[in-house]
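Asks: Have a look at the structure that comes next, please.
We did not get these values from a lab; they are worked out from the coordinates using the rules stated. Computed from a predicted structure; not experimentally measured. Cβ: placed from backbone, ideal geometry, glycine included. Neighbour counts: every protein chain shown.
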Amino acid sequence: MLSSLSSFCVLWIVFRIILTIILNLPALCIDIMEDLPFKEACKEHDFLREALSDGYYQDEYEGVGHIGRLRRFLRDIRTELVCEKDSSSLVLLETLDMSLEHRDSLDAEFLTLEDYIPYRKMNFDYEFVCQLLRWAMKIPMRFSPEEELLVSRYEHSIGIIVGLTNDYFSWEMECNQPTDRLRNAVAILMKEHSIPEPEAKVILKHYIMIEEKRAVELKHQLDCNTEDFEQATRYLTALELFAAGYNFWCSTCPRYHRIQKE
Ligand SMILES: [Mg+2]
């Protein structure tokens, strides 16, 4: 009985995560805008945000081209979330809008990996990803202060792992792309330590592995109090699965592992 119940729970979590990934498609699609010049990308983000605003009903660009399709997708998401008349859905909508506002909005040059990490998490829409998971799992958008402290440390750790793992595996593609801003931890480490690319990749991999160990230790702290923090523990497990799935995708996807034709 216990094992069929736990199998059901696992299936339920997987289903919710699949749903989450589907809903997170805009973030993946917006990745393509990193190819645009900085000022143009900022304009495109504002253009997309219009689809989430109150007054947005008619759209002559609806469904036209990549941006038009994304605008329609965002407007549909907004309509559905507003119809739910649920405070968590409105929080999620606000976070999505904020994510679009701040994503790729800094025209700065990062000199150290530590300076770059907060930007990397923001550029990954990571706050939105976390809120989306909480919303999809129907757990609080904010836990008690005690739980939130532990949870936010784990979120931060997973954010570093997924952001930097993406940089690690996407480097070969990104270093050859024509762009006015190369945002990748490999380039930053090369500059920070005046080292060649292979050495920077080794350092980056080591940095990610240390962070993975930290995440395991943090999760263990919460696992020791499973009964007190049942929902938070489930959320951490979902974050762990998200990181595992995303890292697997980064390490195997054709986007990063074959010669780009466009
Ligand atoms: Mg990348």
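Asks: Mind checking the stretch 70-127 for chymotrypsin sites (Phe, Trp or Tyr not before Pro) that DSSP puts in a loop (not H, G, I, E or B) and that have at most 10 other Cβ atoms within 10 Å?
Replies: none
Asks: How high is the relative contact order of the stretch 173-262, in percent, with contacts defined as C-alpha pairs under 8 Å that are six or more residues apart?
Replies: The normalised contact order for the stretch 173-262 reaches 24 percent.
Asks: In Å, what Rg and Dmax follow from the Cα atoms of the stretch 13-257?
Replies: Taking only Cα atoms of the stretch 13-257, I get Rg and Dmax of 18.6, 55 Å.
Asks: Once you have the Cα-Cα distance between K43 and D76, take 0.36 nm times their residue separation minus that, and quote the gain in nm to one decimal.
Replies: That works out to 9.8 nm of additional length.
Asks: What's the magnitude of the charge dipole for the stretch 13-257 around its Cα centre, counting Lys and Arg as +1 and Asp and Glu as -1 at the beta-carbon? Answer in Debye, nearest 20.
Replies: 460
Asks: So, one more: I want to check the label-to-label distance for L106 and D54. Put each point 7 Å from Cα in the C-beta direction and report it in nm to one decimal.
Replies: 3.2
Asks: Given an 8 Å cut-off on Cα distances and at least 6 residues of separation, report the relative contact order of the stretch 13-257 as a percent.
Replies: With pairs under 8 Å counted, the relative contact order is 22 percent.
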